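Single-structure report; data block below.
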Amino acid sequence: KNKKEAKQNAAKQALIGLKLQDPNESSTSGQPNGQLNDSVSSISDKMTKMNMSSKETNFIGIINHYCQKTNRHHDFMLVRKTGLSHCPIFFYKVVIDGKEYPEGEGKTAKEAKQNAAHLAYETLQEQSDWNSQVSFRSAASEDGTPSSFSRPQSTWFTSEFDSIERLGRGGFGRVYKARRKLEERFFAVKIVRFKEKARREVGALAEFQHPNIVRYYTAWTEPSEYKSDSSSESDSTSQSSSDSSAQYLYIQMELCDKKTLKVWIDEKNTQRRDHKRREEGLVIMKQIVNGVVYIHSKRLLHRDLKPANIMFGREGEVKIGDFGLVTTEDNESDENLIERTKRTGTKSYMAPEQKSHSTYDRKVDIFALGLIYFEVLCNISTHQERAKIWDDIRGQKLPTGFSLKFPQEHKLITSMLCAMPEDRPEASKVKTELELISLCFSNLLISRTP
């Protein structure tokens, strides 16, 4: 009549079929029904304990750690999703260097990934390099922090990295450029207080595999925050700032250029005439929007898109970063918006509903993109000028002459800045419009060529 009873009966039949031996009986087939139930319950209890142990062990973290140590590329791939919308079943599998491992099933994506990682872990243990490459002190900490975050030493950062140089600091924490000794490669390491916001950022980054999003490698926690010697700007000397009540999250990411899109815009604004600004700006915007399309496809919102959070890779490619405010899209229809924290993000780039309402969706990112595209194109010489016109821009009142100089862009930007979120285009639509603008721009350049 219920799942428990059905499982009990199925287990009973399995025991009979297997002829499981009992100390007091020749076989289970001869056991009285009560004794058989006791045997089933005993075995069931053991299996439950094993199951609990499996859930407590962070197999996702173990697989991540193993692949990093052995320099392997891995991914958690969604195979399929079944069931009803209110109770879906997810199926994920681990792929390591092209090799696929058994599918894991779960009621959530996280549970399915954990089960897939467990299956991969059991297979990997048979490999000759497993024990030599992977070692863990504990499967999970007492507070439930995943073992992928836990490190046995508080000085792991300084023991594994050298040539540490601070790149920036702010309310978000500190970011350092550091060379990992094992690979002899430079990475960016972001250090923040370990809070829910930080956990959310790591969770989002671990999901992403896209050329226009900052690449995530791994993360761990330490009881102290690395700080450079205050008397040296080179950050060559390390010391720790310890707080018994605090934990610090270290996020290892790909190293981007120090120059952000904000710096690029500021540099362009100092030049009176720049015939390549429109063309270069279009290339940049196409890459930003590609990244946003990918983020939205994962049913996530960035919530803090702005020029300062958009970086450039070592080859000049655009990279969206800073996912500290990322959150999930509603799993139901777009009409049922999730209750969210008001005034989350950077005020000048917030969508109207983000400022005044607690319910909003992915369209807040589209509003921010409209403002960014305007800044990429328009020369605003001073901060005073920007402050003077910014409220008008947010209200779709673009400067006189902008529509004449950038007719297609003007139409797209004003649609992205609609006050009502439902009137703004989806990121995929913005991507299509940018492709059309790019095509028209290319044809215009060809027609002008002698």
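Counting just the residues of segment 304-314 that are of a type in the set (A, V, I, L, M) and open to solvent by less than 40 Å² (accessible area, probe 1.4 Å), which one comes out nearest to Cys256 (Cα to Cα)? Talk me through it step by step, then tell me what you get.
Step one: of segment 304-314, the residues of a type in the set (A, V, I, L, M) are 305, 308, 310-311.
Add one more test, that the residue is open to solvent by less than 40 Å² (accessible area, probe 1.4 Å), and what stays is 305, 310.
On the way: Leu305: 17, Ile310: 10 Å.
Among them, the one singled out is Ile310.
Only one of these is at pLDDT 95 or above, small (Gly, Ala, Ser) and open to solvent by less than 50 Å² (accessible area, probe 1.4 Å): Ser415, Ser358, Ser438. Name it. Give the steps one after another, and end with the answer.
Working: Ser358 fails: at pLDDT 95 or above; Ser438 fails: at pLDDT 95 or above.
Criteria check complete, one pass: Ser415.
Could you tell me which of the residues Val318, Val289 is touching a Lys or Arg at 6+ places or on another chain (Cβ under 7 Å), open to solvent by less than 20 Å² (accessible area, probe 1.4 Å) and more than 15 Å from Ala204 (Cα to Cα)? Let's see the steps before the verdict.
On the way: Val318 fails: touching a Lys or Arg at 6+ places or on another chain (Cβ under 7 Å).
Only one candidate qualifies: Val289.
Residue check, Trp390 against (1) open to solvent by less than 30 Å² (accessible area, probe 1.4 Å); (2) in contact (Cβ under 8 Å) with a residue 60 or more places away in the chain; (3) not in a loop (DSSP other than H, G, I, E, B), all met but one. Which one?
Every condition holds for Trp390 apart from (2).
Restricting attention to segment 159-172, does a residue exist that is modelled with pLDDT of 90 or more, more than 17 Å from Cys256 (Cα to Cα), acidic (Asp, Glu) and surrounded by 14 or more Cβ atoms within 10 Å (Cβ to Cβ)?
yes
Any residue at all in segment 326-344 that is more than 21 Å from the chain's Cα centre (by Cα) and either modelled with pLDDT of 75 or more or surrounded by 21 or more Cβ atoms within 10 Å (Cβ to Cβ) (or both)?
Within segment 326-344 (the criterion being more than 21 Å from the chain's Cα centre (by Cα) and either modelled with pLDDT of 75 or more or surrounded by 21 or more Cβ atoms within 10 Å (Cβ to Cβ) (or both)), the answer is no, since none of the residues qualifies.
How many residues does segment 294-320 contain that are more than 24 Å from Ala188 (Cβ to Cβ) and in contact (Cβ under 8 Å) with a residue 60 or more places away in the chain? Don't jump to the end; show me each part of the working.
Of all residues in segment 294-320, those more than 24 Å from Ala188 (Cβ to Cβ) come to 296-297, 299.
Then keep just the ones that are in contact (Cβ under 8 Å) with a residue 60 or more places away in the chain; that gives 296.
Summing the residues that are more than 24 Å from Ala188 (Cβ to Cβ) and in contact (Cβ under 8 Å) with a residue 60 or more places away in the chain in segment 294-320 gives 1.
Looking at segment 68-94, which of the residues that are among the hydroxyl-bearing types (Ser, Thr, Tyr) and not in a strand (DSSP E or B) is surrounded by the fewest Cβ atoms within 10 Å (Cβ to Cβ)? Break it down into steps so the answer makes sense when it comes.
As a first pass, look at segment 68-94 and keep what is among the hydroxyl-bearing types (Ser, Thr, Tyr): 70, 82, 85, 92.
Pick out the ones that are also not in a strand (DSSP E or B) and you get 70, 85.
Numbers: Thr70: 17, Ser85: 8.
Among them, the one singled out is Ser85.
Looking at segment 405-427, which of its residues are in a helix (DSSP H, G or I) and farther than 15 Å from Asp361 by Cα?
From segment 405-427, those in a helix (DSSP H, G or I) are 405, 407-416, 421-423, 427; that's our starting set.
Answer for segment 405-427, where residues must be in a helix (DSSP H, G or I) and farther than 15 Å from Asp361 by Cα: Lys405, Pro407, Gln408, Glu409, His410, Lys411, Leu412, Ile413, Thr414, Ser415.
Which of the residues belonging to segment 292-303 are in a loop (DSSP other than H, G, I, E, B) and surrounded by 21 or more Cβ atoms within 10 Å (Cβ to Cβ)?
If the condition is that a residue be in a loop (DSSP other than H, G, I, E, B) and surrounded by 21 or more Cβ atoms within 10 Å (Cβ to Cβ), then His302, Arg303 are the ones that fit.
What are the residues in segment 245-268 that are closer than 19 Å to Trp156 by Cα and of a type in the set (Asp, Glu), if any?
Glu254
Return the only residue of Arg273, Arg278 being at pLDDT below 95, outside any helix (DSSP H, G or I) and either in the same structural domain as Ala368 (by the TED database) or loosely packed, with under 15 Cβ neighbours inside 10 Å (or both).
Details: Arg278 fails: outside any helix (DSSP H, G or I).
The match here is Arg273.
If I ask for residues that are among the β-branched types (Val, Ile, Thr) and under 19 Å from Glu433 (Cα atoms), which ones from segment 281-312 would you list? Write out each step before concluding.
Within segment 281-312, the first condition is being among the β-branched types (Val, Ile, Thr), and the residues that meet it are 283-284, 288-289, 292-293, 295, 310.
Result: Val283, Ile284, Ile288, Val289, Val292, Val293, Ile295.
The values are calculated or read from the model by the stated rules, or taken from the named source; none is laboratory data. As the structure is a prediction and not an experimental result, all values here were calculated from the model. FYI the Cβ positions are ideal-geometry reconstructions off the backbone, even for glycines, and counts take in every protein chain you see. Just the protein is used for accessible areas: all its heavy atoms, side chains included, with ligands, DNA and RNA removed. Shrake-Rupley method; radii C 1.70, N 1.55, O 1.52, S 1.80 Å.
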